[in-house]
Amino acid sequence: MKAIEIAETGGPEKLKYVERPIPVMGENESLVDVLVAGVNFVDTYHRSGLYPRMLPFTPGVEGVGIIREISGTAPSGLSVGMRVGWVASTGGYADVATLPNQELIPIPEGIDDAHATALLLQGVTAHYLAVDSYKLKPGDLAIVHAGAGGVGLLLTQFIKSLGGVVIATASTDAKRKLCLENGADLAIEYSGFHEHVKDFSHGDGAHVVYDGIGKTTFDESLACVRPRGSLVIYGYASGPVPPIDLTKLTANSIFLSRPTLKHFISNREELLWRANEVFKAHLNGHMNVRIGGRYAIKNASQAHQDLEARTTTGKLILEM
Ligand SMILES: NC(=O)c1ccc[n+]([C@@H]2O[C@H](COP(=O)([O-])OP(=O)(O)OC[C@H]3O[C@@H](n4cnc5c(N)ncnc54)[C@H](OP(=O)(O)O)[C@@H]3O)[C@@H](O)[C@H]2O)c1
C-alpha cells in the first residue's frame with residue numbers, strides 16, 4: 001500500500017511517501033480502503049512532536065473509505081462493502097487502514113466523500129463546542145477565532161443555527177469576507193479584537209470565546225469574556241498557552257476549559273449521536289462545507305506547509 005510515514009518528528013519535510021505491506025488487522029478491527037483522508041491541525045502537532053507518538057507512524061486521524069474485511073464482531077449496521085468514516089485512530093494518510101470496528105461511522109447517502117470527511121473531526125468538534133463545552137443559547141454572543149478555518153466555518157454556521165450571534169476573527173480581508181458569507185455577524189482582525197468585542201456588546205463582553213489559536217490570543221480572549229462567561233481553549237495553532245495565574249479568572253468569575261474531542265465521543269453511542277447530528281445539520285443546510293484544498297497523498301507535506309502558513313480556508317483533503 002501507499003502511505004505517508006513519519007520516522008522522526010520535525011517540519012513538513014518529515015512526511016515521507018512510502019510503500020508498505022498492507023497492515024494486519026487486530027481483533028475487532030476492519031481493513032478499510034481509504035478514499036479520502038482529512039488534514040487537521042492536530043496532524044501537525046503529531047508531526048512536530050508537540051503531541052508525542054511512538055515512531056514510526058502513519059498520521060491522519062480521520063477519513064472515509066470502504067470496508068474490505070471485518071475481523072471479530074462488527075457492531076450492528078456495519079458490513080463489508082459499506083462506505084464509512086472514522087475519527088480518532090491514526091493511520092489515515094494511506095490507501096489502506098486498519099481501524100477499530102467501534103470507530104466506524106456509516107456515511108449517509110447524499111454526502112460525498114470529501115464533505116463527509118470535513119464533517120467528522122471538525123464538524124463533530126463544532127458540535128461538542130457549542131452543545132457541551134458551553135451550552136449555547138439563542139442571543140448569546142460567541143467569539144470564533146480563525147473563523148475562516150476548518151472548525152471556524154462549521155462552528156460559526158452551527159452557532160447561527162442555534163440562534164447565537166458570532167464575531168469571527170481572521171487574518172486577511174478575503175478570510176473575513178468568507179466568515180461573513182458563512183453567517184458571522186461581524187468579522188474582525190486580531191489586532192485589538194477585545195476592544196471591538198467590548199464595543200459591539202456595549203461593554204458587556206462575550207458569553208463565550210472559542211479559541212483554537214492559544215498562545216497569541218489567550219490574554220485578549222480572557223479580556224473579552226463577560227462576568228460568568230466561558231473561555232474555551234480548544235487548540236494551539238500559534239503554540240501552547242503558558243501556565244496561567246488563576247487569579248486572572250477572578251475579575252469576571254470566568255469558566256476556563258481546555259476540552260479535547262476524545263472525551264466527547266467517549267463511546268460508540270455518543271460518537272454516532274454526534275456524527276449523525278452533524279450529518280443532519282449539513283443536510284439541512286446548517287453546516288455547509290468548504291473544501292479549501294485537495295492534495296494527492298504524496299503531496300501531504302505541501303498540505304501541512306499551507307495549513308501552518310495560514311494560507312488555507314475550510315477543509316484540506318488528501319486524495320488516494
Ligand atoms: N480540542 C479539540 O477537540 C480540537 C478538535 C479539532 C481542532 N482543534 C483545534 O482547532 C484549531 C483549528 O483547527 P483546524 O484544523 O480547523 O485548522 P484551521 O482553523 O483551518 O487552521 C488554523 C488557522 O489558525 C489561524 N492561526 C492563527 N495563528 C496561527 C499561527 N501562528 N499559525 C498557524 N495558524 C494560525 C489561521 O487562520 P487566520 O489566518 O485567519 O488567523 C489558520 O488558518 C487548531 O488549533 C486545532 O488543533 C481542536
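Here, each number is a calculation from the coordinates, and none is a lab measurement. Treat the numbers as computed from the prediction; the structure is a model and nothing was measured. As a convention, Cβ positions derive from the backbone with ideal geometry for all residues, glycine included, and neighbour counts pool all protein chains shown.
Taking the Cα centre of the range 257-320 as reference, the dipole from Cβ charges on Lys and Arg (+1) and Asp and Glu (-1) amounts to some 40 debye. Give me the percent relative contact order of the chain, please, defined on Cα pairs under 8 angstrom at least 6 residues apart. Computed over the chain, the figure is 18 percent.
Given their separation in residues at 0.36 nm each and the Cα-Cα distance between them, T9 and T311 gain 106.4 nm when the chain is fully extended. Is the range 165-283 rounded, prolate or oblate when judged by the Cα gyration tensor, a ≥ b ≥ c being the square roots of its eigenvalues, rounded requiring a/c under 1.5 and prolate requiring a/b larger than b/c? In terms of gyration-tensor shape, oblate.
Mean separation of Cα pairs under 8 Å and 6 or more residues apart, divided by the residue count, gives the range 71-219 a relative contact order of 18 percent. A dipole drawn for the range 1-145 from +1 and -1 charges on Cβ atoms has a positive end, and of S79, L121, P106 the residue lying farthest that way is L121. Ordering I317, N252, L307 by Cα displacement along the dipole of the range 224-320 toward the positive end leaves N252 in first place; charges were set at the Cβ atoms of Lys, Arg (+1) and Asp, Glu (-1). Per-residue Cβ neighbour counts within 10 Å put W86, W273 in the sequence W273, W86, beginning with the fewest. Suppose every Lys and Arg Cβ carries +1 and every Asp and Glu Cβ carries -1, with no other charges. What dipole size does the range 209-320 come out with about its Cα centre, to the nearest 20 debye? Dipole about the Cα centre, nearest 20: 180 debye. Going down the list K248/K315; K14/K298; K160/K248; K16/K177; K160/K315; K135/K198, which pairs span over 24 Å between their C-alpha atoms? Result: K248/K315; K160/K248; K16/K177 exceed 24 Å. Relative to a virtual label point 7 Å from the Cα of H202 in the Cα→beta-carbon direction, which members of the range 148-188 show backbone nitrogen distances below 19 Å? Those under the cut-off are 164-167, 185-186. Taking the C-alpha atoms only, the angle from helix 150-161 to the longest principal axis of the chain is near 60 degrees. Spatially, the range 174-224 and the range 118-173 are offset by 12 Å when compared through their Cα centroids. Percent of alpha carbon pairs in the range 220-320 separated by more than 20 Å? Within the range 220-320, distances greater than 20 Å cover 64 percent of Cα pairs. P(r) tail for the range 49-158: Cα pairs beyond 17 Å make up 62% of the total.
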